[in-house]
Each structure stands twice: as structure tokens, then as C-alpha cells.
Amino acid sequence: NFVEEYCQKLQVECRKVFVDVPKYASEHRLSEETAARILRYEVLDEADCDCVCLAHHKGDNAETVLMHIIRGSGSYGAEGIRRQNGKYLRPMLDWSRADIESYARENNVPYVHDSTNDETKYSRNYIRKVILPELKRLNPSAEQNIVRFADNIAEDNAYLDSLADISSV
């Protein structure tokens, strides 16, 4: 509703799509968080546009890296969120949540807080609300250091990929 009202105020087209997340989650034996992400990208994949800018920020990237490491990912998972993946662009990956909220306040850009992001029953939210604050208590630069680690891994992977012999593929 917030987005729809803001789009009307700015006279920007708004397209609402309804999906049944609980049903999809149940049918595919997924968490509702995972089901919602899959369905969201399915809708965005169908959007008639050249690119979709997403609001992922530095904290989201650190959370993703930690989630992948905890799940046993290899080096590609440790790269975190890619700045571009097909038509998906993430222009705010270098910004912290605090940077974004400060910009929004200073420039009168309205936003809403999604209360489901506070529920620690979801893995990502638990990492966001419990694990990352503890890591920051140990080292205030923890979030930035995790992101720098991911960037280093991405550079290493790109270099190793460039050395790979793909002539027999």
C-alpha cells in the first residue's frame, strides 16, 4: 500500500502482483522466507524492462556471506551478493543501512519498516539481529571486513576462472 500510494503521488505506474506464499512454501517444502524470495524473482523476471535495481546494501551482503559460509558454501557462495546478475543491479551495496536511512531522512524520502525483518525465527534475521551485532561488539568493523573478504574471494575466483582451460568444454 505504501508503494502504491507513493507511486500515485509521483504519478509513476505501479503494478501489483499477488502470489500465495504460504501455499507455494507448503507445496515445495520451503520456508515462507525462501518461497517469498523465489516468487518475488519470478514476478520480476517477467517484468518488461532492461534492468531492475534492488536495494541490497552492505549489511545484506555481510549477512549473505555469513549464511553461505554457515551452510557450507564454497568460494562462489563466499562472494556474497553480486553487483549485477543479469538484469538485476544492486547500486547500494557499498552503503550501510544507516547511510541509506540518513540519506532518506535528509532528503525527505519516505520509507517503511517491514516488521517481519525483526522476527529472528528466520535465518537471515537471526544473523542480522543476533550474530552480526555480536561480531560488531568484538570488532566494530566486522560488517565491512566480511564484505571486503567477499570482494577478495570474488577477485580470486575471477582470476582462477581466467586461468582455467576451457578449450575442451
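The values are calculated or read from the model by the stated rules, or taken from the named source; none is laboratory data. Keep in mind the model is a prediction, meaning the values are calculated, not measured. Methodologically, a virtual Cβ is constructed for each residue, glycine included, from the backbone with ideal geometry; neighbour enumeration extends over all protein chains shown. Quick note on the areas: whole protein, heavy atoms, side chains included, nothing else; ligands and nucleic acids left out. Shrake-Rupley method; radii C 1.70, N 1.55, O 1.52, S 1.80 Å.
Filter region 39-74 for residues that are closer than 16 Å to THR116 by Cβ, under 14 Å from the mean Cα position of the chain (by Cα) and surrounded by fewer than 18 Cβ atoms within 10 Å (Cβ to Cβ) and give the result. Residues satisfying the conditions are ARG40, ALA55. Looking across region 105-139 at every residue that is modelled with pLDDT under 95 and among the hydrophobic types (A, V, I, L, M, F, W, C), the one that is nearest to the chain's Cα centre (by Cα) is identified as VAL112.
Taking region 89-116 as the range and being over 19 Å from GLU5 (Cβ atoms) and open to solvent by less than 70 Å² (accessible area, probe 1.4 Å) as the test, the residues that pass are LEU89, ARG90, MET92, LEU93, SER96, ALA98, ILE100, GLU101, SER102, THR116. Suppose we keep only residues that are more than 15 Å from HIS68 (Cβ to Cβ) and among the polar types (S, T, N, Q) within region 121-145. Which one would you say is surrounded by the most Cβ atoms within 10 Å (Cβ to Cβ)? Looking at residues that are more than 15 Å from HIS68 (Cβ to Cβ) and among the polar types (S, T, N, Q), I get ASN125. Scanning region 18-27 for residues that are within 23 Å of the chain's Cα centre (by Cα) and either at pLDDT below 95 or open to solvent by 90 Å² or more (accessible area, probe 1.4 Å) (or both) yields a count of 1.
In region 82-104, the residues that are over 16 Å from GLU143 (Cα atoms) form Cβ pairs under 9 Å with partners that are open to solvent by 40 Å² or more (accessible area, probe 1.4 Å) and part of a helix (DSSP H, G or I), at six or more places apart or across chains, as follows: GLY86/ASP45; LYS87/LEU44; LYS87/ASP45; TYR88/TYR41; TYR88/LEU44.
VAL112: under 25 Å from VAL43 (Cβ atoms) and either part of a helix (DSSP H, G or I) or in contact (Cβ under 8 Å) with a residue 40 or more places away in the chain (or both), yes or no? Here the answer is yes, as VAL112 does meet what is asked. Looking across region 58-84 at every residue that is touching a His at 6+ places or on another chain (Cβ under 9 Å) and assigned to a helix (DSSP H, G or I), the one that is farthest from ASN152 (Cα to Cα) is identified as THR64.
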